[in-house]
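Where a number appears in this text, it was derived from the coordinates with a stated rule and is not lab data. Fair warning: this is a prediction, and the values are worked out from it, not measured in the lab. Heads up, the Cβs are rebuilt from the backbone with ideal geometry, glycines too, and the neighbour counts pull from every protein chain shown.
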Amino acid sequence: MNRLGALAGLGLALPLLVPIAACQAQVREETTMFTGTLRFIDIETGVWQLVTPQGKYQLRFKNRPADLKSLDGKTVQVRGTVRGDLLTTTMAGTVLEVESLLGTA
């Protein structure tokens with residue numbers, strides 16, 4: 001690629017990077033407790049979803065529990081951080097980074 005092409009490519013990318021950086025600066029992360037139904041969705045390599053009255057969350061585990069499959073379809077309590085700055089290809093809900101998970105029923 002010649003220098004002119006590289007500069008033109010950089011010129012096109014800069015307007016896209018500035019709004020992304022501005023959005024990330026506004027992300028506020030708070031740990032919250034959620035109660036809902038845990039579901040396994042067989043899409044791509046599989047994804048765990050929490051369905052709550054507030055909406056659907058795609059779970060991202062820091063330490064995945066060994067007995068997770070036994071909780072499929074059950075009501076659970078999840079403590080975690082909503083990550084509005086992350087996107088996934090599964091589109092199973094807003095990403096929720098899980099700190100702890102407790103089966104309640």
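Here are some notes:
- Summed residue charge, Cβ within 15 Å of PHE40's Cβ, Lys/Arg positive, Asp/Glu negative: +2
- Each of THR88, THR37 was scored by other Cβ atoms within 10 Å of its Cβ. Arranged with the fewest first, they read THR88, THR37.
- Candidate aspartates and glutamates for bridging to LYS69, where Cα separation is under 20 Å - those fewer than 8 sequence places away on the same chain excluded: ASP42, GLU44, GLU97, GLU99
- Between the beta carbons of LYS74 and GLU44, assuming R0 = 25 Å, the FRET efficiency works out to 0.60 to the nearest 0.05.
- Ranking of ARG83, ARG64 by neighbouring Cβ atoms within 10 Å, starting from the fewest: ARG64, ARG83.
- Taking the alpha carbon gyration tensor of segment 31-103, multiplying each eigenvalue by 5 and rooting it gives semi-axes of 16, 15, 12 Å, largest first.
- Here segment 31-103 is treated with +1 on each Lys and Arg Cβ and -1 on each Asp and Glu Cβ, and its dipole about the Cα centre works out to around 120 debye.
- Computed over segment 31-103: relative contact order in percent, which uses C-alpha pairs under 8 Å that are six or more apart: 37
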